[in-house]
Structures are given as structure tokens and as C-alpha cells.
Amino acid sequence: MIISCEARDGIRMVQSGGARGFQFSGSPQLFSFPASQLFINCNFFPAEFSIVVTLKIPQMAPEKSEYIFTLLEGDSDEPLLGLRLSQNNPPCGHSEEGHLWFNTLKRGLFLCDGIVWLTMLQVKEKLDYVEDHQDLFTNSETFDIEVFHIPSVGLFMATANRDSNLGSGIYKWTDGRFERYQNISTYDAQAWQYFTVGKKKFLVVANCRSKDAGDQEQSVIYKWSSRKLKFIHYQTLITHSARDWEAFSIRDETFLTVANHRNHNIDSVIYKWNPVAQFFEVNQTIPTTGAYDWEFFTIGPYYFLAVANTFNGRSTVIDSTIYIWLGGMFQPYQSITTFGAIDWEMFQIENRVFLAVANSQMLTEEGKILYSINSTIYELSMTSQTFIKFQEIETNSALDWEYFTVGDDKFLVVANSYDGNSYSLNSVIYRWQGNEGFIPVHRLSTNGCRDWEYFNTTDGSYLIYSSARAALSKVLKLRTI
């Protein structure tokens with residue numbers, strides 16, 4: 001149907017300056033017209049042009065994915081250019097190769113390469129504010145949270161709970177919330193670590209106590225059963241008041257290291273996966289001093305392990321050590337004086353490498369205790385090839401650092417747990433400001449905050465924190481602009 005300048009029901013020609021268009025109203029109808037009626041000053045079809053479409057619809061059928069504008073060549077029915085509105089993500093296959101998709105939610109333009117949507121242009125999100133999303137009631141106080149994704153199954157979270165009678169919980173993200181999925185018997189659980197070996201998926205717990213008084217303490221590795229759709233017992237390892245597990249790979253070999261805490265001066269152990277026996281075996285022992293946390297990281301071709309040593313029986317002012325992988329084993333690389341160190345967090349900003357330590361308390365040999373002390377961010381100096389002090393941040397018995405990004409912005413959030421008088425404190429989100437370092441931007445009310453985890457879903461970005469004082473963890477949503 002060719003549209004002339006004469007008025008038709010539901011169609012009105014609009015012209016502003018040198019631009020001409022049509023305004024449609026009423027029920028949707030099918031109209032077609034020659035391009036010359038729009039491009040009135042062009043003898044030939046223009047190589048470049050802009051078409052602005054403003055669409056207002058009260059509601060949309062869930063499965064509808066129809067073109068609202070197309071450009072055809074001559075009498076052909078194949079569109080050269082089409083504008084299509086879809087409630088869900090449009091398909092991207094060989095037939096859609098070359099198609100563009102503007103995602104109004106992500107405010108981005110994407111190109112289909114025949115397999116996936118490639119980002120062409122996207123507005124970078126910026127963190128605006130943080131709001132409560134979910135109160136998650138747990139079995140008991142929670143010392144650690146591990147968020148992980150099992151392909152084709154979903155997003156999960158494991159909580160390390162104090163009460164040995166109630167065990168620890170595994171939760172699955174369902175309809176925008178964490179729902180209880182499985183319960184596992186644990187004994188004063190301190191931490192979880194999720195990892196994979198090939199196609200096998202594992203979850204290991206750090207048990208701080210034994211099942212029965214007088215028995216040897218044991219930590220347990222659980223394996224995901226794709227048939228039962230839950231974690232089942234796989235291997236038991238002897239530990240000593242275990243506080244943390246760290247899983248990592250070096251040249252296609254998988255390792256597990258435990259932070260043994262008991263008696264202050266006891267070896268921590270690195271285990272190695274035996275692909276023949278299909279079990280973990282002792283690979284190396286490392287002398288540690290009240291170890292609380294391990295952090296594995298790589299810098300170029302080099303592999304590192306940092307241990308947070310907490311207490312030597314007399315003082316918390318002791319050295320924590322960074323180890324480097326040399327000759328098939330970890331060897332001391334650098335020692336840093338820390339103050340009841342509980343956590344290391346490694347992160348990179350462009351080509352700069354940082355290590356942040358959470359200092360929990362300063363207990364001197366004279367018996368003086370301070371909780372409001374500095375935690376420190378160290379930066380790797382390319383000149384000295386060592387980590388040097390970059391920034392000190394005042395914290396209150398800090399127990400954890402978590403690094404995350406939103407758009408182009410970088411953040412650190414600290415778990416402040418106790419100031420000597422109260423456990424009800426603000427934990428703080430800091431934003432990277434270049435030469436100024438990290439500056440405080442959001443203060444979040446917490447109670448005995450023990451751990452922070454950042455995660456993403458299709459609905460957005462979230463933070464979750466656990467409390468070592470109450471059987472309540474909180475999920476917070478990051479609102480962006």
C-alpha cells in the first residue's frame with residue numbers, strides 16, 4: 001500500500017526542519033510505502049541514514065517477537081534492515097548472523113555473530129546505592145559464605161555454620177532469592193571452598209571441631225552428584241582446627257591447601273590431586289603460626305600463596321608470609337608484619353597488583369588489646385619486586401575484604417566486626433580513586449560481620465554478608481544508574 005500525503009485513518013505525516021516521518025495511532029496495522037516519501041531530497045537511497053522510532057504499548061504478549069519496522073529491497077520479502085521488539089533475549093543463530101540488538105535494560109547494542117551476542121556499545125553502570133534484598137535465616141552463626149555456579153543447574157551458596165548439631169546449609173538462587181536446598185553435617189564449620197577437577201565438582205568444608213570429644217578432627221570433601229543433584233561425601237582429611245581451604249591449579253595440576261590453626265605453631269598442609277587414585281594426597285607441609293587464611297594468586301608466569309598468620313601464643317603482632325612456587329614447591333618470598341591477620345585479598349587494577357590484609361586485633365606481649373586498628377593495602381613494586389605499603393585504612397577488628405567492580409568502578413568492602421564495645425558497627429564500601437587510593441562511599445549497618453561475598457545474576461549485582469553473632473545473613477542489592 002503506498003501512502004500519499006492525503007490523510008488516512010490512524011496515519012499523520014510529521015515534518016520538522018529537514019526531517020519527515022509518519023505518526024501512527026489506533027490498532028496495529030500493516031503499511032508499506034516507498035522510501036522516497038521519507039528521503040525527499042535524495043535522488044538515490046542514502047548510504048547512511050537515521051530513523052527514530054518512538055513506541056508506546058500498554059502490554060506485550062510474552063512470546064511476541066515481531067518486526068515493527070523493516071526496510072525491503074524492491075519487491076523482495078527479505079528485510080535489509082528490521083526493528084523488532086522482544087520481551088525476552090532474541091535468538092542468536094546462523095539465521096540471525098549480522099543482526100543488531102539494543103537491550104533497553106542493559107542499555108547496550110549487541111551484534112549476533114551467528115553464535116553469541118557481541119557487545120558493540122554499552123553504557124557503563126555506576127553504583128548509586130545499596131538496599132536490603134533478603135534476610136536469610138541460617139542454622140546458626142555463619143563464619144563464611146561461598147557462592148558458586150554449577151553449569152546447567154544454577155547459582156548456589158554454602159554457609160559455614162557454628163552449631164555442630166544443626167550442621168551447615170546449602171542454598172539455591174530461586175526466583176530472585178536464596179532458598180534452602182541441602183543440609184550437611186558439619187562441626188563448628190569455619191569455611192567452604194568450591195572447586196573443580198576436570199568435569200568433577202567439589203565442595204570442601206573446614207571443620208574446627210571433631211564429631212565426638214576426644215576424636216581426631218576431620219574436614220570433608222563433597223562431590224556433586226549429577227544424578228542425585230546434591231553433594232555427597234567423597235574424601236575425609238585430617239585437619240587441626242581448620243580455618244580455611246584454598247583450591248588452585250598449577251600447570252593443569254590441582255592443589256588444596258588447609259589453614260591449620262590449633263596450637264599456634266602447627267604445619268599447614270598442601271594436598272595434590274592424584275589423577276590415578278582420584279584422591280588428594282599430601283604434597284607439602286608449611287610451618288604456620290595460627291593460620292587463618294590462604295590466598296593464591298598469579299603474577300605473569302609466577303604462582304604465589306599468602307598465609308594470614310594470626311597468633312603465636314603471646315602476641316598477634318607477627319609475620320604473615322607470601323610464598324612463591326619454585327622447583328615444584330612453595331618457598332618463602334616475603335614476610336609482612338600483620339596484627340591478628342584474618343584475611344588476604346589480592347586484586348589487580350589495570351597493570352597494578354595489590355594485596356589487602358584484614359587485621360583483627362593488636363595484642364601485645366604485655367597484654368594490651370586494640371581492636372580499632374589499621375588494615376593495610378600493599379602494592380607490588382616493580383622496582384624492588386616486593387609488596388610495599390600503599391594505603392592504611394582504619395578498621396574495627398576487620399575479618400574480611402572483598403573486591404568487586406561495577407562498570408568501570410572498583411570497590412573494596414570490609415567486614416568490621418567489633419570495636420571493643422559493640423558488634424553493631426558499620427561495614428564500609430570503598431571506591432578506587434586513583435592516586436587518592438580507596439575512599440569511603442557507603443556505610444552499611446552490620447552485626448558482628450564476618451564475611452562478604454559479591455555475585456551477579458541476570459537480575460543484577462548483589463552483596464551478601466554473614467554474621468558471627470546471629471543466625472542471620474543479609475543479601476543486599478547494588479542499585480546502579
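Non-local amide H neighbours of K211 (under 5 Å, H modeled in plane, Pro and chain starts lacking H): which ones?
Answer set, sorted by chain and number: Q218.
Can you give the extra length, in nm with one decimal, that the chain gains between T386 and I238 once fully stretched, where that is 0.36 nm per residue apart less the Cα-Cα distance?
Gain on extension, T386 to I238, equals 49.8 nm.
Please list the three semi-axes, largest first and in whole Å, of the ellipsoid equivalent to the range 412-470, using sqrt of 5 times the eigenvalues of its alpha carbon gyration tensor.
The answer is 21, 18, 8 Å, longest axis first.
If each of D252 and N41 carries a label point 7 Å out from its Cα toward its Cβ, how far apart are those two points in nm?
6.5
Counting only the backbone N, which residues of the range 332-349 are under 13 Å from the spot 7 Å out from the Cα of S315 toward its beta-carbon?
Those under the cut-off are 337-340.
State in Å² the accessible area per residue of the range 178-224; use a 1.4 Å probe, count heavy atoms of protein chains only, and round to the nearest integer.
Heavy-atom accessible area per residue stands at 45 Å².
Indicate the gyration tensor shape class of the range 193-290 (rounded, prolate or oblate), computed on the Cα atoms with a ≥ b ≥ c the square roots of the eigenvalues: a/c under 1.5 is rounded; otherwise a/b larger than b/c is prolate and the rest oblate.
Judged from the Cα gyration tensor, the range 193-290 comes out oblate (a/c at least 1.5, b/c at or above a/b).
Taking trypsin sites (Lys or Arg not before Pro) that fall in a DSSP loop and have at most 10 other Cβ atoms within 10 Å as cut points, what is the longest piece of the chain between them?
Counting at most 10 other Cβ atoms within 10 Å as exposed, the longest clean stretch of the chain is 57-198.
In terms of modelled amide H atoms, which long-range or inter-chain residues lie less than 5 Å from the amide H of L166?
none
Rounded if a/c is under 1.5, else prolate if a/b is larger than b/c, else oblate: which is the range 275-372, with a ≥ b ≥ c the root eigenvalues of its Cα gyration tensor?
oblate
With only alpha-carbon atoms in the gyration tensor, what are the semi-axes of the equivalent ellipsoid for the range 355-481, in Å, largest first?
24, 23, 11
Can you give me the accessible area per residue for the range 328-481, using a 1.4 Å probe, in Å²?
Spelled out: the 1.4 Å probe surface of the range 328-481, per residue, equals 42 Å².
What part of the accessible area of the range 253-322, given as a whole %, is carbon or sulfur when the probe is 1.4 angstrom?
50
In the neighborhood of G448, defined by Cβ-to-Cβ distances under 9 Å, what is the net charge if each Lys or Arg adds +1 and each Asp or Glu adds -1?
With Lys, Arg at +1 and Asp, Glu at -1, the neighbours total +1.
To check you understand DSSP bridge types, tell me what percent of the beta bridges within the chain (both residues inside) are antiparallel, rounded to 5.
Close to 100 percent.
Below 8 Å between Cα atoms, with a sequence gap of 6+, how large is the relative contact order for the chain in percent?
Averaging sequence separation for qualifying contacts and normalising by length gives 10 percent for the chain.
Please compute the per residue accessible area over the range 79-123 with all protein chains in place, 1.4 Å probe, rounded to a whole number of Å².
Per-residue accessible area for the range 79-123 comes out at 72 Å².
Compactness ratio of the range 117-235: Cα Rg over 2.2 N^0.38 Å, N = residue count?
That ratio works out to 1.26.
At most 14 other Cβ atoms within 10 Å plus a DSSP loop assignment makes a site exposed; report the longest stretch of the chain without any exposed GluC sites (Glu not before Pro).
98-349
So what J values fall out for the range 194-210 if you push phi through Karplus, 6.51 cos²θ - 1.76 cosθ + 1.60 with θ = phi - 60°, rounded to Hz, Gly and Pro as x?
9, 7, 10, 10, x, 8, 7, 10, 10, 9, 10, 10, 9, 8, 8, 10, 8
So if I take the alpha carbon set of the chain, get Rg, then get Rh from the Kirkwood formula, what is the Rg over Rh ratio?
1.10
Q15 to V441: FRET efficiency via 1/(1 + (r/R0)^6), r the Cβ-Cβ distance, R0 51 Å, to the nearest 0.05?
Working from the Cβ atoms, E equals 0.55.
Hey, got the dipole for the chain? About the Cα centre, +1 on K and R Cβ, -1 on D and E Cβ, debye to the nearest 20?
Dipole of the chain, to the nearest 20 debye: 620 debye.
Give a residue-ordered list of calculated ³J(HN,Hα) values for the range 456-468 (Karplus: 6.51 cos²θ - 1.76 cosθ + 1.60, θ = phi - 60°; whole Hz; x for Gly, Pro).
10, 9, 5, 8, x, 10, 9, 10, 10, 10, 10, 10, 8
To the nearest Å, what is the center-to-center distance of the range 93-146 and the range 386-429, using C-alpha atoms only?
Using only Cα atoms to place each centre, the spacing works out to 26 Å.
The values are calculated or read from the model by the stated rules, or taken from the named source; none is laboratory data. Since this is a predicted model, take the numbers as computed values, not measurements. Counting neighbours? That spans all protein chains shown, and the Cβs are built from the backbone with ideal geometry, glycine included. Surface areas here come from the heavy atoms of the whole protein model, side chains and all, with no ligands, DNA or RNA. Shrake-Rupley method; radii C 1.70, N 1.55, O 1.52, S 1.80 Å.
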